[in-house]
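Comments concern the structure below.
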Amino acid sequence: MLDIRFIRDNAGQVKAAAAAKKAPVDVEALLDMDRDRRRIIQEVEQLKASRNQASRDVARLKAQDGPEREGKLGLSAALITREIGDKIRKLDGELRTIEEKLEQALLAVPNVADPSVPEGNDETGNVVDRTIGDENVFDFTPRPHWELGEKLGIIDFERGVKVSGTRFYMLRGAGARLQRALIAWMLDVHTRERGYSEVYPPYIVTGKCLVGTGQLPKFADNLYHDAEEDLWLIPTAEVPVTNMYRDEVLEANDLTLKHVAYTPCFRREKMSAGKDTRGIKRGHQFDKVELVKFCLPEKSNEELEILVEDACSIPRKLGLRYRVVRLCTGDLTFASMKTYDVEVWSPGCKEWLEVSSCSNFGDFQARRANIRFRRDPKARPEYLHTLNGSGLALPRTLIAVLENYQNPDGTVAVPEALRPYMGMDVIR
């Protein structure tokens, strides 16, 4: 959520950000509500001042003697209890209504891009910052993962669809083992080498948590919801991990906090209908290792660069060719102010696959979730900055491993880093 004072002072910038992110926001209507709110608050304060003055007049009259005392006292008391009191109650009701509307309007306003973000209308405006590693040279035509998976008996599309419907699949045997090995290994890398603290969070959260991270109310249609108890399946571990500190005030000396969590993720892929229908690239359920940071505002851009390097350590250790892409203004998510995507090359699919999206949200999520910090014990609480990124997402990392390590006979070599976790060198 943006600070209303920021919107007042930077209305043009907010309008441009909303247009770039294709968010239907009426900034002028929002500012009109804000002006009405401040006007009502001023009127109430003036009326309360008048009521206080009348109370003082009553007290002064009580101390007087004379035949006019009772009459004057009665008129002053009536003024307090009826006219001013009624006006204040009426205005308080109007204020509650307008504040509720303003709150909903503010929740619909997207974050504003950092000045360093390149301008662009969509993904075609993204900038490739760097590419690491050479493309594998095969002396045969590399197969896509759906062919490899079926031939090896490690991906079962037919039974996944039979059990749960389209965009579901089953990993079997060494395929399931490879997925589990990747998750365990990635968690170990981030905790043992990159300094993250592991969290095992709930996979179901309250709606308030999703408001805090920015998925609600805008993306309700893409989430799985238990309407009876008003609980939601998480679309990413970002949601429960960020909300760990909701409504808390942290100490500056404890920042930066770095957490890593593995969870399954659940998303109704309505916005991607017709895309990536072959293979396991896009599904309603997938696994992900997520990195989440809480830091001082002045450190967040520096922490973003470190976060990207944390994510990149995984494809580098796996020996995969990868690149880092800086997203343009038109391709940023609703809540992000700056994002880098990490993509790995898959020679069977013949495309770059996004395996991590590392974002700096500034204080956008912290305002929505009310996460603050103090610079010293007597200081006024301030909103901290939040960041997150995948470290990495599955099944796309699994796809890249299968397609890059395939052999001419259809077997797949296990990357050296994963062999202690797999207990095998080759998937046959």
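The values are calculated or read from the model by the stated rules, or taken from the named source; none is laboratory data. The structure presented is a predicted model; accordingly, all values stated were derived computationally and were not measured. Positions of Cβ are generated from backbone atoms using ideal geometry, with glycine treated the same way; all protein chains shown enter the neighbour counts.
Out of 49, 17, I need the residue that is part of a helix (DSSP H, G or I) and at pLDDT 95 or above. Which one?
Within the list 49, 17, the selection yields 17.
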- Note on the structure: Pairs returned, first residue in segment 366-377 that is surrounded by 24 or more Cβ atoms within 10 Å (Cβ to Cβ), second residue that is of a type in the set (Asp, Glu), beta-carbon separation under 7 angstrom, 6 or more apart or interchain, are 371/248; 373/251; 373/382
- Item | Verdict on residue 195 being within 27 Å of the chain's Cα centre (by Cα), assigned to a loop (DSSP other than H, G, I, E, B) and touching a residue at least 12 places away in the same chain (Cβ under 8 Å) | yes
- When you scan segment 325-352, how many residues do you find that are surrounded by fewer than 22 Cβ atoms within 10 Å (Cβ to Cβ) and more than 24 Å from residue 18 (Cα to Cα)? 6
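For segment 26-45, what are the residues that are more than 12 Å from residue 91 (Cα to Cα) and assigned to a helix (DSSP H, G or I)?
The answer is 27, 28, 29, 30, 31, 32, 33, 34, 35.
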- Message: Which of the numbered conditions does residue 153 fail, given that it passes all the others? Conditions: (1) free of Cβ contacts under 8 Å to residues at least 12 places away in the same chain; (2) under 28 Å from residue 408 (Cβ atoms); (3) of a type outside the set (A, V, I, L, M, F, W, C).
- Response: (1)
- Under the condition of being among the charged types (D, E, K, R) and in a strand (DSSP E or B), which residue from segment 219-263 is nearest to residue 291 (Cα to Cα)? 258
- Check every one of the strands (runs of 3 or more DSSP E) wholly within segment 264-367 and list those with 2 or more residues that are within 17 Å of the chain's Cα centre (by Cα). 285-295, 338-346, 351-360
- Task: Specify which of the listed residues (294, 266) is at pLDDT 95 or above and either closer than 19 Å to residue 363 by Cα or surrounded by 22 or more Cβ atoms within 10 Å (Cβ to Cβ) (or both).
- Result: 294
- Query: When residues of segment 224-245 are filtered for being under 24 Å from residue 112 (Cα atoms) and among the aliphatic types (A, V, I, L, M), how many remain?
  - Reply: 3
- Across segment 220-257, which residue is surrounded by the most Cβ atoms within 10 Å (Cβ to Cβ) among those that are of a type in the set (D, E, K, R) and within 22 Å of residue 357 (Cβ to Cβ)? 238
- Taking the condition surrounded by fewer than 16 Cβ atoms within 10 Å (Cβ to Cβ), within 33 Å of the chain's Cα centre (by Cα), assigned by TED's automatic domain parsing to the domain that holds residue 403 and part of a helix (DSSP H, G or I), does residue 161 pass? yes
- Message: Take residue 1 and tell me if it is assigned to a helix (DSSP H, G or I) and touching a helix residue (DSSP H, G or I) at 6+ places or on another chain (Cβ under 9 Å).
- Response: no
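Please state which one of 141, 131, 124 is within 21 Å of residue 343 (Cα to Cα) and either among the aromatic types (Phe, Trp, Tyr) or free of Cβ contacts under 8 Å to residues at least 40 places away in the same chain (or both).
Going through 141, 131, 124 in turn, the sole match is 124.
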- Being surrounded by 24 or more Cβ atoms within 10 Å (Cβ to Cβ) and farther than 27 Å from residue 2 by Cβ is the filter here, so list the residues in segment 353-365 that pass it. 355
- Query: Which one of these does residue 216 not meet: (1) surrounded by 16 or more Cβ atoms within 10 Å (Cβ to Cβ); (2) touching a strand residue (DSSP E or B) at 6+ places or on another chain (Cβ under 6 Å); (3) outside any helix (DSSP H, G or I)?
  - Reply: (2)
- Query: Since residue 426 meets every condition but one in (1) farther than 22 Å from residue 280 by Cα; (2) surrounded by fewer than 24 Cβ atoms within 10 Å (Cβ to Cβ); (3) not charged (D, E, K, R), which condition does it not meet?
  - Reply: (1)
